[in-house]
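**Student:** Quick one: the structure is below, questions incoming.
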Amino acid sequence: MWKPGQQVQLETERFLLNTLNNRFQIVWYTFDWTYDPEVMHPYGLQAGIWTRRKWYRRFKKPDNRRRFYFGIWPKGSEKPIGLEIVDIDARRVATLSIVIGDRRWWGKGVVQETRRAVIAFIFEQLQCPRVWGMPTARNFPSIFNYQKLGFTCEGILRQHGIDPATRQRCDIIVYSMLRDEWLEKNRREAAA
């Protein structure tokens with residue numbers, strides 16, 4: 001049983017998810033991704049402009065209580081291919097974001113598989129009542145993943161973001177899932 005502040009380890013069929021304990025670890029594993037515009041642009045970030053120091057400052061300190069940075073390792077690999085970030089606010093609402101920095105893994109079900117484990121942790125261990133995320137309206141893979149996992153589209157924040165490639169304003173879509181919805185979905189899947 002996990003206790004606040006302890007490192008979290010989650011396992012799926014193909015992946016191990018381990019929380020990274022400090023910002024130096026996060027930078028060590030993810031800095032190379034900052035050069036790839038296809039990795040950075042869906043998050044509203046420019047590629048190729050980052051120093052290690054600036055990249056370090058982008059991340060808040062992980063505490064494994066309210067802020068979790070899960071490195072995603074394929075089983076048997078020494079290097080993570082992605083990072084799942086969970087931030088929990090004072091109302092116990094969890095915000096999700098994920099980046100798969102190794103493009104060789106794009107389109108291979110990584111987000112679906114790993115996010116299920118992270119959501120189960122959020123609802124079952126942390127007892128959060130709600131999770132949510134906000135992809136840009138042009139981030140079609142992210143939208144697909146939210147929908148496939150059963151998230152509800154709550155609305156669109158019109159021209160709320162800026163596309164780093166075009167510097168044009170873009171819409172943000174709000175997706176959420178409630179704990180009761182997750183539990184019911186799991187009951188239905190188990191009964192099928």
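Only the coordinates and a few stated rules stand behind these numbers; no lab work does. Given the structure is predicted, the values throughout are model-derived calculations rather than measurements. We place every Cβ from the backbone using ideal geometry, glycine too, and count neighbours over all the protein chains shown.
**Student:** Taking neighbour counts of Cβ atoms within 10 Å as a proxy for exposure, in what order, fewest first, do 100, 143 appear? Please report the intermediate quantities before stating the final value.
**Tutor:** Details: 100 22, 143 17.
Least to most surrounded, the residues fall as 143, 100.
**Student:** Mind putting together the pair-distance distribution for the chain? All Cα pairs, 5 Å bins, whole percent per bin, short to long.
**Tutor:** Histogramming the chain at 5 Å steps yields 1, 7, 15, 19, 22, 19, 11, 4, 1, 0, 0 percent.
**Student:** Enumerate the lysines that residue 79 could reach by cross-link, defined here as Cα to Cα under 19 Å, with residues fewer than 8 away along the same chain left out.
**Tutor:** Qualifying lysines at Cα under 19 Å: 108.
**Student:** Could you work out how much longer the chain between residue 154 and residue 188 gets when fully extended? Use 0.36 nm per residue separation minus the Cα distance between them, nm to one decimal. Present the calculation step by step, with values, prior to reporting the outcome.
**Tutor:** Numbers: separation 34, 0.36 × 34 = 12.24 nm, distance 2.30 nm.
Gain on extension, residue 154 to residue 188, equals 9.9 nm.
**Student:** Follow-up. Let's see if you can work this out: charge +1 on each Lys and Arg Cβ, -1 on each Asp and Glu Cβ, no other charges. What is the dipole magnitude of the stretch 1-53 about its Cα centre, in debye to the nearest 20?
**Tutor:** Values: 5 positive and 5 negative charges, 70 e Å.
Here the stretch 1-53 has a charge dipole of around 340 debye.
**Student:** If you don't mind, there's one more thing I want to ask. Remind me, relative contact order of the stretch 9-131 in percent, using alpha carbon pairs under 8 angstrom and six or more residues apart?
**Tutor:** RCO, the stretch 9-131: 24 percent.
**Student:** Along the charge dipole of the chain, pointing to its positive end and built from +1/-1 on Cβ of Lys, Arg, Asp and Glu, which listed residue (34, 16, 97) has its Cα farthest out?
**Tutor:** Sorting the options by dipole projection puts first 34.
**Student:** Run the simple label-point estimate for residue 36 and residue 127 please: 7 Å along Cα→C-beta, distance reported in nm.
**Tutor:** So the two model labels end up 3.9 nm from each other.
**Student:** Here's another thing I want to ask about it. Treat every Asp and Glu Cβ in the chain as -1 and every Lys and Arg Cβ as +1, leave all other atoms uncharged, and give the resulting dipole magnitude about the Cα centre to the nearest 20 debye.
**Tutor:** Dipole of the chain, to the nearest 20 debye: 580 debye.
**Student:** Check cross-link reach from residue 61 to the aspartates and glutamates: straight Cα distance under 13 Å, and skip same-chain residues fewer than eight apart.
**Tutor:** The qualifying aspartates and glutamates are 87.
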